[in-house]
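Please read the structure below before turning to the comments.
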Amino acid sequence: MYPPSRKDFISLTLSDPHSHSYNNGKHRRQSCWRKWKQLSRLQRSLILFLLALLLIFGLLSYPSITKQWGGLADREDWLELNDRELKAIPPGVKPVLGPVADKAPVPVARPHVGPAVGPAVGPAVGPAVGPAVGPAVGPAVGPAVGPAVGPDAVAEPRGPNTPILAKPPTKKKTFPNKRGPPSLQKDGNVSDTVGGEKQEQEVVQDGGGGDEDKEKKLVSWRGAMIEADQATEPPPSPNEKEAAAPPANPADTVPLEVSTGKVDRLEAVRDAFRHAWKGYKDFAWGHDELKPISKSFGEWFGLGLTLIDSLDTMWIMGLKEEFEEAKTWVEKELTFNKNVDVNLFETTIRVLGGLLSTYHLTGDQLFLDKAKDLGSRLMPAFKTPSKIPFSDVNIGKGTAHPPRWTSDSTLAEVTSIQLEFRELSRLTQEPQYQEVVNEVMKLVHKLPGKHDGLVPMFINTNSGQFTHKGVFTLGARADSYYEYLLKQWLQGGKTEDDLLEDYLQAVEGVRKHLVKQTGPSRLTFVGELSHNRFNPKMDHLVCFLPGTLALGAHNNLSGDHMDLAVQLMETCHQMYTQMETGLSPEIAHFSLQASDGRDVVVKPADRHNLLRPETVESLFYMYRFTKDTKYRDWGWEILQSFNKYTKVSGGGYTSINNVRDPVNPGPRDKMESFFLGETLKYLYLLLSDDVELLSLDKYVFNTEAHPLPIWPSPPK
């Protein structure tokens, strides 16, 4: 029997014999209502007024709340475009990528305001009323406020092949890529690891800015300025793998404008260079490489690699204003008197080669003086027991050493510096430069361990012998050895028979051991040999070979070389066209079985594109020697793909992670110096109607596309 009614209610739970529970929560809710009714009209009005005031305050402060939540440290650094403006997307929300319809907003998931309003109301009302009113009002207000002020519906993305007219440039916020310094090795297959010293962070103050650029703290990663509220993760240690870059957004690129008239292809290449140079000038001036996504720079040797690599390209393209700006930097800022270890090979082909070629094109003594200074500082690398140079040299201290992990040098590195050092001797009349590099070629010429002209990838600087024998490739670590055999022979006036002998023997070894055809379409490719086991793997680097073979055939070598060049050129073209982005992967594997569906197979780790030049290099040679316009068309298609998937609207081009995904190719936030020094230069020469522009009967290009003159033949 229930007790008589009382003024105050208490909560009781009674159990029957069948374990059915009873709770008087209904009466408890009625008690809350009675308490509300017991308040005076003034009190109730005051409470309602406070609730309304809090609700209005919540609505007004919603944008700032969401802006703060947008910068939480645990969000992933994904990027999405809204009318060409990057916005952050928190975890759990699938990014909508690709070109977005005009004026269609892209949603950004935001937390509801309601749960925050509810708890805030309770304490304001008072201990008695708060627990009752707060929980009731909070959840109700939150869902109502969220959708009311949230973004509109998701815009329907366009297909990847839909052309987009370029829009006028708009001011954009900087969203950095949360990655450590990328690996800068040009010819390594594994390009996803981080090297170098641990990064130090500095906090500085940016005093500039308008409404969007008010004073913000910046974080410096080896000089790369990044907004502090975006750099929410500590820099990775040298042993950590590079973090995945934010997904690429094709809409962030600025494709070539659709024109009803004839497109000026040559001017389009100039425009591409200007755009790349703009990014470098704005965000990386005087530094080695541009990071176009984070609008910062990467430092390798601190020698202005991109600027020097681009000097002769600007001169060839007639970009005199840009050239003069760069020349002023070389004259006033470039110094080699610094305590820094540089890679002998990379510094020779990019900096020494760039200075020498610019001297020849301009006749300006400044560039030869700089080249001589650098060449003398690189000479300590050759002070080894075997006369095979060390890979690294300190140009300030005058010391040299092999890599920390081995006493070996890669064969490509020690045999692809000859063109530059030989030319330096010819210009300065100082024979020591040519002597040291000629000695390397003499040693390699007579070394045991070759396989029908094919050479192993490593050579020991102490013993002077090949190491890791039995592995043969025309890709990374060996590629330019074969290229420089022919080009040294041409440079010297076709007088050095040992070089020609080694080249011809190597081509026959390639045909005998490495050339195969795919099963589905009978594409000819060059694989690798590892202890007599064939691997149908071909680096994009190998696409230098069609051009080199064609160059040899043009100089009266076997006509079979040109036949092979034509076949390999088709394969390199297919490495682009069979990819969804129209861009080649770094490494391709080929199907040998006719039952396989595709000729080109790409493993996930090999799907990146680094803006490499080898295919357009060979297209240039093939067009010069055959006049077949299809090679021009292929190069034009490649430029269009670069513009569509790698061009960054703020300036510059970026390498990408996935050539198989046109919706999300994934920028790597890095523009290699060779994109301006080689890729765009070869595209310009390919599309130019001036066949005498750097005639291949007068110039030989080093492996970084820097033209050096062919020496006049000595009198017989």
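The values are calculated or read from the model by the stated rules, or taken from the named source; none is laboratory data. No experiment lies behind these values; they were computed from the predicted model shown. Neighbour counts run over all protein chains shown; Cβ positions are idealised from the backbone, glycine included. Heavy atoms of the whole protein, side chains included, go into the accessibility calculation; ligands, DNA and RNA do not. Shrake-Rupley method; radii C 1.70, N 1.55, O 1.52, S 1.80 Å.
Some values worked out for this structure:
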{"item": "Listed pairs Lys320/Lys698; Lys516/Lys630; Lys320/Lys644; Lys494/Lys647; Lys383/Lys698; Lys332/Lys487 exceeding 31 Å between Cα atoms", "result": "Lys494/Lys647; Lys383/Lys698; Lys332/Lys487"}
{"item": "Rounded percent of accessible protein surface that carbon and sulfur make up, region 514-561, 1.4 Å probe", "result": "39"}
{"item": "Whole-Hz ³J(HN,Hα) from phi, Karplus 6.51 cos²θ - 1.76 cosθ + 1.60, for region 348-362, glycine and proline x", "result": "5, 6, 8, 8, 4, x, x, 5, 5, 5, 5, 4, 5, 6, 9"}
{"item": "Summed residue charge, Cβ within 10 Å of Leu523's Cβ, Lys/Arg positive, Asp/Glu negative", "result": "0"}
{"item": "Computed lengthening from Ser521 to Lys320, 0.36 nm per intervening residue step minus Cα-Cα distance", "result": "67.7 nm"}
{"item": "Computed lengthening from Leu53 to Asp563, 0.36 nm per intervening residue step minus Cα-Cα distance", "result": "175.4 nm"}
{"item": "With every protein chain in place, region 297-377: carbon and sulfur % of accessible area (1.4 Å)", "result": "40"}
{"item": "1.4 Å probe accessible area per residue over region 286-362, in Å²", "result": "27"}
{"item": "³J(HN,Hα), Karplus 6.51/-1.76/1.60, whole Hz, each residue of region 319-328, x for Gly, Pro", "result": "8, 5, 5, 4, 5, 5, 4, 5, 4, 4"}
{"item": "Å² of accessible area per residue within region 547-682, as computed with a 1.4 Å probe and no ligands counted", "result": "27"}
{"item": "Per residue value of the accessible surface for region 413-472 (all protein chains in place, 1.4 Å probe), Å²", "result": "36"}
{"item": "Region 438-478: relative contact order in percent, alpha carbon pairs under 8 Å with at least 6 residues between", "result": "33"}
{"item": "Whole-Å distance, taken between Cα centres, linking region 675-706 and region 506-534", "result": "29"}
